[in-house]
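Here the structure is laid out as structure tokens; the discussion comes afterwards.
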Amino acid sequence: FIRCLILLCWPVFALAGGLPVTDLALLVDADGNETIASVSAPLASERFRPLDRPLNAGYTRAVHWLRFTVQPPTPGEWWLEMQPPFVDDLRLYEPMPSAPGAAPTLRERRYGDHLPFAAREVPYRAFVSRLQLPDTQPRTYYLRLQTTSTSMAFLHLWQPPEFHQAVALEYTLQGVFYGLMATVLLLNLLYWAWLRDAFYGYFALHVLIIGLLFAGANVGA
């Protein structure tokens with residue numbers, strides 16, 4: 001019961017505060033031939049379909065292009081959090097300032113678990129892009145996602161102090177979760193050694209595998 005409660009509350013506490021990115025549209029590039037020039041062209045707008053929830057496309061080798069709009073309530077530095085941490089290749093295309101009337105240029109910023117952890121802008125298990133937003137005007141971004149794992153994208157916009165608070169709470173909940181898992185594992189190993197009942201040994205192995213599964217899915221590369 002306690003483990004289920006923590007798993008249910010974990011995302012709620014981790015995402016307390018900040019701004020979820022909800023204005024999403026998707027273009028599926030099955031052959032991987034699209035470029036940022038082709039998907040950001042005016043005629044490509046009709047090829048995107050709106051998403052009413054975060055991307056969750058399952059296991060596929062197709063490239064997924066997300067288009068989304070960021071409009072912060074206040075100017076300044078905002079951090080874009082990109083979950084989950086096991087995506088191989090993420091490329092964020094950020095609009096750059098341009099002359100009045102000219103089409104905005106897009107700067108590519110790369111993320112993903114194939115890059116070294118030391119190269120991340122923020123030392124966090126998932127991927128964080130530090131955005132400088134000088135005003136509250138809406139800005140359109142593109143995100144290219146390709147991975148050998150499940151194709152998912154959960155985007156959240158934070159101010160840095162809120163992000164650090166949420167991460168501290170998230171790691172506290174992780175510590176409680178793994179502490180409980182370690183306690184259950186140890187108790188079952190003790191019962192196995194004391195009672196010589198194979199059931200406790202198998203259950204201890206089950207708990208160990210579940211703990212390693214969660215750790216592998218939630219620890220940055």
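The values are calculated or read from the model by the stated rules, or taken from the named source; none is laboratory data. Remember, it's a predicted structure, so these values are computed and weren't measured experimentally. So basically every Cβ, Gly included, is an ideal-geometry build from the backbone, and we count neighbours across all protein chains shown. Note: areas computed on protein heavy atoms with side chains; ligands, DNA, RNA excluded. Shrake-Rupley method; radii C 1.70, N 1.55, O 1.52, S 1.80 Å.
Tabulated data for the structure shown
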quantity	calculated
Qualifying residue in segment 184-203 (condition: under 21 Å from the mean Cα position of the chain (by Cα) and either open to solvent by 60 Å² or more (accessible area, probe 1.4 Å) or touching a residue at least 40 places away in the same chain (Cβ under 8 Å) (or both))	no
Residues being under 16 Å from Val87 (Cα atoms) and open to solvent by 70 Å² or more (accessible area, probe 1.4 Å) - total across segment 124-160	2
Test: Leu173 is modelled with pLDDT under 95 and either closer than 19 Å to Tyr93 by Cα or under 21 Å from the mean Cα position of the chain (by Cα) (or both)	yes
Leading residue by the ranking (nearest to the chain's Cα centre (by Cα)) among those in segment 113-152 that are of a type outside the set (S, T, N, Q) and under 20 Å from Asp31 (Cα atoms)	Met152
Tyr142 within 17 Å of Tyr111 (Cβ to Cβ) and touching a helix residue (DSSP H, G or I) at 6+ places or on another chain (Cβ under 7 Å)	yes
Odd one out for Phe68 among (1) farther than 15 Å from Arg120 by Cβ; (2) among the aromatic types (Phe, Trp, Tyr); (3) in contact with a helix residue (DSSP H, G or I) (Cβ under 7 Å, 6 or more places away or on another chain)	(3)
Strands (runs of 3 or more DSSP E) contained in segment 22-66 and holding at least 2 residues touching a residue at least 60 places away in the same chain (Cβ under 8 Å)	55-59
Check on Arg110, on the phi < 0 side of the Ramachandran plot and open to solvent by less than 70 Å² (accessible area, probe 1.4 Å)	no
Of residues in segment 77-86 being modelled with pLDDT under 95 and under 27 Å from Pro138 (Cβ atoms), the one surrounded by the fewest Cβ atoms within 10 Å (Cβ to Cβ)	Pro84
Scope segment 74-126; condition among the hydrophobic types (A, V, I, L, M, F, W, C) and under 29 Å from Pro42 (Cβ atoms); matching residues	Trp78, Leu80, Met82, Val87, Leu90, Leu92, Met96, Ala99, Ala102, Ala103, Leu106
Selection status of Thr74, within 19 Å of Leu19 (Cβ to Cβ), part of a strand (DSSP E or B) and of a type in the set (S, T, N, Q)	no
Flag for Pro50 being modelled with pLDDT of 90 or more and either within 30 Å of Ala215 (Cβ to Cβ) or under 16 Å from the mean Cα position of the chain (by Cα) (or both)	no
Tally of residues being touching a residue at least 40 places away in the same chain (Cβ under 8 Å), farther than 30 Å from Val63 by Cα and of a type in the set (S, T, N, Q) across segment 143-183	2
